[in-house]
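Participant: Before anything else, here's the structure in question.
The values are calculated or read from the model by the stated rules, or taken from the named source; none is laboratory data. The structure displayed is predicted, hence computed values, not measured ones. Note: ideal-geometry Cβ built from the backbone for every residue, glycine included; neighbour counts use all protein chains shown.
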Amino acid sequence: MKTEEVIQAEANYVVQTYVRPPLVFERGAGMYLFDSDGRRYLDFAAGIAVTALGHSDPEWAQAVADQAGKLVHVSNLYHTAPQAALAERLVTHSFADRVFFCNSGAEANEAAIKFARKYAQAAGAGAKTQIVAFSGGFHGRTVGALSVTHKAQYREPFAPLMPGVTFAPFNDADAAAAAINDATCAVIVEPVQGEGGVRPATAEFLQALRALCNRHGALLIFDEVQCGLGRTGRLWAHQAYGVIPDIMTLAKPLAGGLPIGATLVTQAVAAALQPGDHGSTFAAGPLVCRAAQVVFDRVSRPEFLAQVRANGAYLRHRLETLESEAIVEVRGAGLLLGVELATAVAPIITAARAQGLILINAGTDVLRIAPPLIVGRAEIDAAVDILATCLAAGA
């Protein structure tokens, strides 16, 4: 199909929940995407922080091809080696004792909500159902995950949602203390907010949440769907804070572009769950778990994480030294950075794309910079130079 035919077919047959630019991507290689007209784009979005190893990584592609020729799906009614091997990796490299697999970040957060309520019920606290979430938080689009997502534009068209959710201001420990009480079964927070404007939590805030959860017998859930698995330069974003959760959710980069989610829990949480309490037909299939092993083994290497930290610091330095009155603030961690502008970012994203650079937003006035974790200084320089040109032109 020609470019115009693809775009027209999408308009004719796909539910219109996205606004897409008029181009069709056909292939990717490393840091670059190529459209159907053969034009190359430097990718600083990574499929919304997903393609950690870049596009079509040879080791990843070979693992997927090999597994596809052996076994792809048998459902969770049966054991498979790739699922067990991936679970072992996640548990041995984290605070967790067990992991539940699913297919997306929203599903991972749905599981976390269910597990928290079942934990409270198993402890004999049936009325302990309240969940506290925070301003700017984004946890997914399914009904439970949407209920703890703050943005009214996402929630209100689908009301009434799940009851028992209280929102408090992000990074405000006093407000959190006022919201969390003995009826709270869980507190859910992103250590670094993504959709909410790339805003890192403060150490004092997360430490306060841990203390409040301990005091009131609530579970602390860290949503690391976007900020986890190397994105901040540490394997887990919360490691920078010295705070350990009871539950952690993962998804985006874990399988390098294939759909997967994971809810990591302590043994105390796992002990509250029984066969039949939760499930997923497609979750943790052999193919996706084999792909995830490749991603995890590469990203978890100390030298890989050190390179993410170094390149993240270089990228931040380049962004912070741009001479543009439009820039209000540069914030974030590692290779998840936000550039807040005094104006709307949509024209900048369009202008950058015209010059061969893919960027995405985090709200109306924040550029979200989230390249594949394999990015190097040459690509950083090229991307920042294009951004500088677009800012200077006023896009």
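Participant: Out of (1) crowded, with 22+ Cβ neighbours inside 10 Å; (2) over 14 Å from the mean Cα position of the chain (by Cα); (3) among the aromatic types (Phe, Trp, Tyr), what's the single condition that is false for Phe138?
Facilitator: Failed condition: (2).
Participant: Hey, any hits in region 44-62 for a residue that's within 20 Å of Leu373 (Cβ to Cβ), at pLDDT 95 or above, buried (at least 18 other Cβ atoms within 10 Å of the Cβ) and over 21 Å from the mean Cα position of the chain (by Cα)? Step through it out loud before you land on a result.
Facilitator: Of the residues in region 44-62, the ones within 20 Å of Leu373 (Cβ to Cβ) are 44-62.
Restricting the remaining residues to those that are at pLDDT 95 or above gives 44-62.
Okay, now just the ones that are also buried (at least 18 other Cβ atoms within 10 Å of the Cβ), so 44-47, 49-55, 57, 60.
Those left that are additionally over 21 Å from the mean Cα position of the chain (by Cα): none.
For region 44-62, residues within 20 Å of Leu373 (Cβ to Cβ), at pLDDT 95 or above, buried (at least 18 other Cβ atoms within 10 Å of the Cβ) and over 21 Å from the mean Cα position of the chain (by Cα): absent.
Participant: Given Ala112, Ala81, Ala87, which one is within 30 Å of Ala291 (Cα to Cα), in the same structural domain as Leu254 (by TED's automatic domain parsing) and surrounded by 22 or more Cβ atoms within 10 Å (Cβ to Cβ)? Show your work before the answer.
Facilitator: Values: Ala81 fails: surrounded by 22 or more Cβ atoms within 10 Å (Cβ to Cβ); Ala87 fails: surrounded by 22 or more Cβ atoms within 10 Å (Cβ to Cβ).
Testing whether each residue is within 30 Å of Ala291 (Cα to Cα), in the same structural domain as Leu254 (by TED's automatic domain parsing) and surrounded by 22 or more Cβ atoms within 10 Å (Cβ to Cβ) leaves just Ala112.
Participant: In region 327-350, what residues are farther than 20 Å from Gly233 by Cβ and surrounded by fewer than 18 Cβ atoms within 10 Å (Cβ to Cβ)? Before the answer, list the steps.
Facilitator: From region 327-350, those farther than 20 Å from Gly233 by Cβ are 327-328, 340-350; that's our starting set.
Result: Ile327, Val328, Ala342, Thr343, Ala344, Ala346, Pro347, Thr350.
Participant: Does any residue in region 27-53 that is under 24 Å from Ala251 (Cβ atoms) and in the same structural domain as Pro371 (by TED's automatic domain parsing) come within less than 8 Å, Cβ to Cβ, of a residue that is acidic (Asp, Glu) and assigned to a loop (DSSP other than H, G, I, E, B) six or more places away or on a different chain, and which pairs are these?
Facilitator: Qualifying pairs under 8 Å: Gly30/Asp57.
Participant: Continuing with this model, one more query. Just to be sure I understand, how many residues within region 271-283 are over 13 Å from Ile113 (Cβ atoms) and either under 23 Å from the mean Cα position of the chain (by Cα) or at pLDDT below 95 (or both)?
Facilitator: Total satisfying the criteria: 5.
Participant: Among the residues of region 323-343, count how many are over 13 Å from Leu391 (Cβ atoms) and either part of a loop (DSSP other than H, G, I, E, B) or basic (Lys, Arg) (or both). First the steps, then the outcome.
Facilitator: Our first condition is that a residue be over 13 Å from Leu391 (Cβ atoms); within region 323-343, this holds for 329, 331-338.
Then keep just the ones that are either part of a loop (DSSP other than H, G, I, E, B) or basic (Lys, Arg) (or both); that gives 331, 334-335.
Number satisfying all stated conditions: 3.
Participant: Does Arg353 count as surrounded by fewer than 24 Cβ atoms within 10 Å (Cβ to Cβ) and part of a helix (DSSP H, G or I)? Steps first, answer last, please.
Facilitator: Values: surrounded by fewer than 24 Cβ atoms within 10 Å (Cβ to Cβ): yes; part of a helix (DSSP H, G or I): yes.
So Arg353 passes the test.
Participant: Determine, yes or no, whether Pro372 is more than 15 Å from Ala46 (Cα to Cα) and not in a strand (DSSP E or B). If you could, list the steps in order and put the result at the bottom.
Facilitator: Numbers: more than 15 Å from Ala46 (Cα to Cα): no; not in a strand (DSSP E or B): yes.
So Pro372 does not fit the description; no.
Participant: Continuing with the same structure: Within region 195-210, track down each residue that is part of a loop (DSSP other than H, G, I, E, B) and under 13 Å from Phe134 (Cβ atoms).
Facilitator: Pass one, region 195-210, residues part of a loop (DSSP other than H, G, I, E, B): 195-198, 201-202.
Once the filter is applied, which keeps residues that are part of a loop (DSSP other than H, G, I, E, B) and under 13 Å from Phe134 (Cβ atoms), region 195-210 yields Glu195, Gly196, Gly197, Ala201, Thr202.
Participant: Which residue is farthest from the chain's Cα centre (by Cα), if the candidates are limited to region 234-260 and must be within 18 Å of Leu305 (Cα to Cα) and surrounded by fewer than 23 Cβ atoms within 10 Å (Cβ to Cβ)?
Facilitator: Checking each candidate, the answer is Gly242.
Participant: Still on this structure, please answer the following. Restricting to region 107-125, name every residue that is small (Gly, Ala, Ser) and either at pLDDT below 95 or within 15 Å of Leu250 (Cβ to Cβ) (or both).
Facilitator: At the first step, the residues of region 107-125 found to be small (Gly, Ala, Ser) are 108, 111-112, 116, 120, 122-125.
Of everything in region 107-125, those that are small (Gly, Ala, Ser) and either at pLDDT below 95 or within 15 Å of Leu250 (Cβ to Cβ) (or both) turn out to be Ala108, Ala111, Ala112, Ala122, Ala123, Gly124, Ala125.
Participant: Quick check on region 1-44: of everything there that is hydrophobic (A, V, I, L, M, F, W, C) and touching a Ser or Thr at 6+ places or on another chain (Cβ under 9 Å), which residue is nearest to Ala333 (Cα to Cα)? Before the answer, list the steps.
Facilitator: At the first step, the residues of region 1-44 found to be hydrophobic (A, V, I, L, M, F, W, C) are 1, 6-7, 9, 11, 14-15, 19, 23-25, 29, 31, 33-34, 42, 44.
Within this subset, residues satisfying the condition of being touching a Ser or Thr at 6+ places or on another chain (Cβ under 9 Å) are 1, 6, 23-25, 29.
Working: Met1: 41, Val6: 37, Leu23: 31, Val24: 31, Phe25: 29, Ala29: 25 Å.
For region 1-44, the residue satisfying everything is Ala29.
Participant: So the check is Cβ under 8 Å with 6+ separation or different chains; which pairs have a first residue in region 341-364 that's assigned by TED's automatic domain parsing to the domain that holds Leu387 and a second one that's among the acidic types (Asp, Glu) and exposed (fewer than 14 other Cβ atoms within 10 Å of the Cβ)?
Facilitator: Final answer for the pair search is Ala342/Glu325.
To keep it simple, each residue is scored yes or no on (1) under 16 Å from Ile260 (Cα atoms); (2) of a type in the set (Asp, Glu); (3) free of Cβ contacts under 8 Å to residues at least 24 places away in the same chain.
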residue: His73; (1), (2), (3): yes, no, no
residue: Gln83; (1), (2), (3): yes, no, no
residue: Asp97; (1), (2), (3): no, yes, no
residue: Ala122; (1), (2), (3): no, no, no
residue: Phe134; (1), (2), (3): no, no, no
residue: Phe138; (1), (2), (3): no, no, no
residue: Tyr154; (1), (2), (3): no, no, yes
residue: Val165; (1), (2), (3): no, no, no
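Participant: Taking region 257-310 on its own, how many of its residues are among the charged types (D, E, K, R) and touching a helix residue (DSSP H, G or I) at 6+ places or on another chain (Cβ under 8 Å)?
Facilitator: Summing the residues that are among the charged types (D, E, K, R) and touching a helix residue (DSSP H, G or I) at 6+ places or on another chain (Cβ under 8 Å) in region 257-310 gives 4.
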